[in-house]
Amino acid sequence: MDKSKRPFIKSKRSFRRRLPPIQPGDRIDYRNMSLISRFISEQGKILSRRVNRLTLKQQRLITIAIKQARILSLLPFLNNEKQFERTESTTRTSSFRTKNK
């Protein structure tokens, strides 16, 4: 009986509202590298909309801007560091095979 009469008590956790990643004054443009580089992963991939916390319209504009910047060679299509690590590891294994023969 006591449980049914008790009013519903909300937990009072503090909620900090996140700031939007793109301010209203920011221009989404292929020349705005400081803005574009925030939405690219370390590998050079375009991050998803959920990760970026963008609206659908903003995500489309960012994607177009990133692709334009890549075509104009302002941004790399992929990060060269990962590619370099792969080539380094293949040379190690090939030299290891030759030593055993």
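Just wondering, is there one or more residues in the range 38-54 that are exposed (fewer than 15 other Cβ atoms within 10 Å of the Cβ), modelled with pLDDT under 90 and of a type outside the set (D, E, K, R)?
Among the residues of the range 38-54, not one is exposed (fewer than 15 other Cβ atoms within 10 Å of the Cβ), modelled with pLDDT under 90 and of a type outside the set (D, E, K, R), which makes the answer no.
Which numbered condition trips up residue 97, out of (1) modelled with pLDDT under 80; (2) in contact with a strand residue (DSSP E or B) (Cβ under 8 Å, 6 or more places away or on another chain)?
(2)
Taking the range 23-58 on its own, how many of its residues are of a type outside the set (Gly, Ala, Ser), touching a Phe, Trp or Tyr at 6+ places or on another chain (Cβ under 9 Å) and assigned to a loop (DSSP other than H, G, I, E, B)?
In the first step, residues of the range 23-58 are kept if they are of a type outside the set (Gly, Ala, Ser); the result is 23-24, 26-33, 35-36, 38-40, 42-43, 45-47, 49-58.
Add one more test, that the residue is touching a Phe, Trp or Tyr at 6+ places or on another chain (Cβ under 9 Å), and what stays is 36, 46-47, 51-52, 54.
Filter once more, keeping what is assigned to a loop (DSSP other than H, G, I, E, B): 47, 54.
So the count comes out to 2.
The values are calculated or read from the model by the stated rules, or taken from the named source; none is laboratory data. Predicted, not measured: the structure shown is a model, and the values here were computed from it. Quick reminder, even Gly has a Cβ in these numbers, built from the backbone with ideal geometry, and neighbours come from all protein chains shown.
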